[in-house]
Amino acid sequence: MEEQQVKKTYVVTGATSGIGLAVMEQLLDRGANVIGVGRSPDRCSGQLERLSEAYPRARLAYVLADLALQPGVRKAARQIAETLAAWQVEALDGLVNNAGTFAYWQTLTAEGFDTQWAVNHLAPFLLTHELLPLLERSPDARVITVSSASHYGTKLRWEDIQLLERYNPLRAYKQTKLANVLFTAELNRRLGDQSRVRAVAADPGLVNTGIGEKAGSRFARWIWLLRRRGGIPAERSAAGIVDLLSDPALPNSPHVYWKHGKPKRPNPYALDQDHGWRLWEISARMTGTG
Ligand SMILES: NC(=O)c1ccc[n+]([C@@H]2O[C@H](COP(=O)([O-])OP(=O)(O)OC[C@H]3O[C@@H](n4cnc5c(N)ncnc54)[C@H](OP(=O)(O)O)[C@@H]3O)[C@@H](O)[C@H]2O)c1
């Protein structure tokens, strides 16, 4: 596997903590060129310094972007393209849409979108759209979007897809994670069988990270502190995602949902073609890409 990853180039969003940071480190371990995307200047520069020391010969960069905002996503895509050009690398071999958030109270972005909807769904949708020309230059590119087991047992509330009228934090999170799988399946349908770009959704399991501690509520933080104790280390979860980037069998596999490197049956709702088409059209309008 190490051989395969040498000189491949990947983008990992949410690469300043948790699963994304662990994915970034494991890709660097395998000799890949890696661009991390993060929102905090301090955390990005801190990780860049630490990782540059640990991997002195690696091609490694961080792009600063608040993925809640569409101009931020577009700017990140431009900076990624500039970084590839500076490295004299023509193609992007993989995009890991990992950045995610859980917000106990509803907050709206400056563009008026629900923050969970914007970060967890619209940002992967738009970033993938913007980076597709670079991905299509690779002989075998992968788009991995980190979903969650919480996508089971829910459906989209089409009449109020961002839950702007009746917010429920867990329902909002579940909907975005369901949207990740719907987006993945629809992306593959739109790319077609001949495409060299393949999309999969990854279920990372319950992972011992700080995601719930950033939820903006003492109650949610307390629940998560108890819950995360039963979680697996981020490194274990990341290993499954890195496998998906390198598994030679993946392009010929019909499966769209994977957990720890193995296919798993998603919520059947996520495979419904009408739902996939409808979500795509809504997302394209929301991001101005349609
Ligand atoms: N932990 C679990 O049990 C679990 C289970 C299922 C799915 N997931 C999914 O796994 C993914 C990673 O989560 P994690 O558990 O590793 O949590 P995490 O440690 O909080 O990592 C989330 C990453 O996303 C970044 N991020 C959040 N909002 C952002 C924004 N507006 N712009 C740019 N970056 C932003 C965070 O940046 P900061 O470092 O600045 O906060 C962080 O790097 C998420 O998509 C999550 O939904 C996690």
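I want to verify the translational diffusion coefficient of the chain in µm²/s; compute it with Stokes-Einstein, Rh as the Kirkwood radius over Cα pairs, at 10 °C and 1.306 mPa s.
Taking Rh from Cα pairs, D becomes 84 µm²/s.
Amide H neighbours of A141 under 5 Å, at least 5 residues apart or on other chains, H built in the peptide plane: list them.
Amide H neighbours of A141: V197, R198.
Just to verify a number: FRET efficiency for F219 and R265, C-beta to C-beta distance, R0 = 41 Å, to 0.05?
0.80
Using the per-residue mean of other Cβ atoms lying within 10 Å as a proxy for protection, in what order, highest first, do the peptides 19-32, 144-157 fall?
19-32, 144-157
Put a dot 7 Å past each Cα toward the Cβ at I232 and R57; how far apart are the dots in nm?
Once both label points are built, they end up 3.1 nm from each other.
Please compute the modelled spin-label separation between R285 and N168, points set 7 Å along Cα→Cβ, answer in nm with one decimal.
Placing both labels 7 Å beyond Cα along the Cβ direction yields 2.5 nm.
Cα centroid distance between the stretch 199-273 and the stretch 42-104, in Å?
First find each Cα centre; the distance between them is then 21 Å.
Quick one: which residues, 5 or more positions from I232 or on another chain, have an amide H under 5 Å from its amide H? H modelled 1.01 Å from N in the peptide plane, none for Pro or chain starts.
L206, V207, N208
May I ask which of K75/K264; K7/K155; K7/K214; K7/K174; K75/K174 have a Cα-Cα span longer than 31 Å here?
Table pairs above 31 Å Cα-Cα are K75/K264; K7/K155; K7/K214; K7/K174.
Take the Cβ-Cβ distance between W105 and R278 as r, set R0 to 35 Å, and report the resulting FRET efficiency rounded to the nearest 0.05.
Once rounded, the FRET efficiency stands at 0.80.
Around V37, which amide H atoms from residues at least 5 apart in sequence, or from another chain, sit under 5 Å from its own amide H, with H modelled in the peptide plane?
HN-HN under 5 Å from V37: V12, T13, G14, A15, V63.
Every number here is computed from the coordinates shown, using simple stated rules; none is lab data. Because the structure is a prediction, the values reported are computed rather than measured. In this analysis, Cβ positions are derived from the backbone assuming ideal geometry, glycine residues included, and neighbour counts consider all displayed protein chains.
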